[in-house]
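Here is the structure we will look at.
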Amino acid sequence: MAEQVMTQAPGNVWKVLVKVGDTVKAGDTLFILEVMKTEVPHDAESNGKILKIHIAEEDAVDVGQIAIEIE
């Protein structure tokens, strides 16, 4: 079952640091949102492999939006 990494705040995607197929460890930063001129990193909560990316740089996102799936 895939773990879904959700956005934690509304904002704009500043940088996506992973690509499909990458292996990540818990604590690795996956992407960074710009929220009110502040960079907010979103980290992996567990080890795994990037299965799907639902966001792209410069996308506007809402809180609770699925951003990345990890298996």
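Values quoted throughout were computed directly from the atomic coordinates according to the rules given, and no laboratory measurement underlies them. Note that the coordinates shown come from a computational prediction; the quantities given were computed from them, not determined experimentally. Reconstructed Cβ throughout: ideal geometry from the backbone, glycine too, with neighbour counts over all protein chains shown.
Here are some notes:
- Fully extended contour minus Cα-Cα distance, from LYS15 to MET1, at 0.36 nm per residue: 2.4 nm
- Between GLU58 and ASP43, the modelled labels are 3.0 nm apart [label points 7 Å from Cα along Cα→Cβ].
- Here the spin labels are modelled as points 7 Å beyond Cα on the Cα-Cβ line, and at ILE66 and ALA26 they lie 2.4 nm apart.
- Net charge contributed by nearby residues that have their C-beta within less than 14 Å of GLU69 (K/R +1, D/E -1): -1
- Packing-based ranking, highest mean first, of 20-27, 37-44, 3-10 given that Cβ atoms within 10 Å are counted: 3-10, 37-44, 20-27
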